[in-house]
Amino acid sequence: MKLPFTIYSPSGKIEKIVEPTAVTIGVFDGVHLGHCQMMARLKDIASEGMASLVVTLASHPAFILGRRSGEYWLDEPAEHLQLLFETGVDYVAVLPFTPEIAQETACQMASMLHKTFNMRALLLGYDSRFGNRSHDDFSQLPQLAEQLNFTIHHNTPLLIDNQPISSSRIRESLQRGDMEETTRLMGRPYTLYGTVMHGRGVGHTIGFPTANIDLSHSRKTLPRPGVYIVDLNGIPGVANLGAAPTFGVNINTLEVHLPHFEGNLYDQDATVQFHRWLRETQNFQSSDALQEQIQEDVKSLLGSPLCCNKNAME
């Protein structure tokens, strides 16, 4: 079976890789600090006359195999590629994970990587496991490596608070709204992307206009609903993620108030970084009560490190 790889270099899509390669394979969802450590190890292995190649999956196995009800990622496809290349690897090969590919055993996958990419070294994560579990031959990889003349290397976990960094651990911190923990594990603030769209205009009527972000095309996991300190395209603000019960809105929305911004953001691309969870979304009895609470939220924003740089507020 010839696998349908799409191969990229930092400058864009390419047809093939001509050098021998050191390869690692996995989902690498979110490209967190643990993944970055693994890419550094891959580059070190590749320094012995090879190119570094990351084989990543375009679809999550847990979704395709029915172990997860929805496909919610920690990054967008373009963001995923960019983050991988920011680690300094030479190439990324994207593989759509399909039920047919799920039938391939570990040794079949490794043989295909050896044949397709002239693989001379294979780096496995501390908890790496790939290939068909019903016909599990993962333990036979060392014999295959000896037969095909490639080496196998094992990475060690990167620990924070004596626990390995993992994508599932990051999802748990997002569910708690613990954005400080999320930032520590990822090495950067958690970010959502969308387009600023026309909303209901309620914010203008109470003196707190908001940028309403369309997240309908996002594949990313949403943090815990509530009010957050954020920045939108680098401008500090306060955001409500989730419903707006005071105004009878019961669907997920992302509305960002930028206290010191004047201008038109409609139809512009928005990058929203989440820095700190402030409070639960509340159902206020009046717009006056909501105004008072938003004023308190803005005070929290102005007292945060995000606003210490006055230039950021201009």
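The values are calculated or read from the model by the stated rules, or taken from the named source; none is laboratory data. Just so it is clear, the model here is predicted, and its values are computed rather than measured. Note that each Cβ is placed from the backbone with ideal geometry, even for glycine, and that neighbours are counted across all protein chains shown.
May I ask you to list the residues in the stretch 15-45 that are over 19 Å from the mean Cα position of the chain (by Cα) and of a type outside the set (Asp, Glu)? Once the filter is applied, which keeps residues that are over 19 Å from the mean Cα position of the chain (by Cα) and of a type outside the set (Asp, Glu), the stretch 15-45 yields Lys16, Ile17, Val18, Pro20, Thr21, Ala22, Val23, Arg41, Leu42, Lys43, Ile45.
Any idea which of Leu113, Leu123 is assigned to a helix (DSSP H, G or I), in contact (Cβ under 8 Å) with a residue 12 or more places away in the chain and surrounded by 15 or more Cβ atoms within 10 Å (Cβ to Cβ)?
Going through Leu113, Leu123 in turn, just one is assigned to a helix (DSSP H, G or I), in contact (Cβ under 8 Å) with a residue 12 or more places away in the chain and surrounded by 15 or more Cβ atoms within 10 Å (Cβ to Cβ): Leu113.
Asp178: without any contact (Cβ under 8 Å) to a residue 24 or more places away in the chain, of a type outside the set (Ser, Thr, Tyr) and farther than 22 Å from Val27 by Cα, yes or no? Considered against the rule, which asks whether it is without any contact (Cβ under 8 Å) to a residue 24 or more places away in the chain, of a type outside the set (Ser, Thr, Tyr) and farther than 22 Å from Val27 by Cα, Asp178 comes out as no.
Scanning the stretch 286-308 for residues that are under 17 Å from Val256 (Cα atoms), of a type outside the set (D, E, K, R) and modelled with pLDDT of 75 or more yields Ile294, Gln295, Val298, Ser300, Leu301, Ser304, Leu306.
If only one of Leu144, Leu159 is under 30 Å from Tyr228 (Cβ atoms), aliphatic (A, V, I, L, M) and without any contact (Cβ under 8 Å) to a residue 40 or more places away in the chain, which one is it?
Values: Leu144 fails: under 30 Å from Tyr228 (Cβ atoms).
The conditions single out Leu159.
Restricting Val230, Val238 to those that are at pLDDT 95 or above and either closer than 23 Å to Gly177 by Cα or small (Gly, Ala, Ser) (or both) reduces the list to Val230. Pairing each residue of the stretch 81-99 that is farther than 12 Å from Thr56 by Cβ with any residue that is in a strand (DSSP E or B) and among the aromatic types (Phe, Trp, Tyr), provided the two are 6+ apart or on different chains, yields no C-beta distance under 9 Å.
Starting from residues that are among the aromatic types (Phe, Trp, Tyr) and modelled with pLDDT of 95 or more, keep the ones in the stretch 79-97 and report whichever is nearest to Glu19 (Cα to Cα).
Tyr91
The condition of being over 30 Å from Ser59 (Cβ atoms), in a strand (DSSP E or B) and modelled with pLDDT under 80 holds for only one of Asn250, Asn283, Asn311, that being Asn250.
Tell me yes or no: at least one residue of the stretch 262-280 is aromatic (Phe, Trp, Tyr) and modelled with pLDDT under 80. Checking the stretch 262-280: not a single residue is aromatic (Phe, Trp, Tyr) and modelled with pLDDT under 80. Of the residues making up the stretch 187-210, just one is modelled with pLDDT under 90 and touching a Leu at 6+ places or on another chain (Cβ under 7 Å), namely Ile206.
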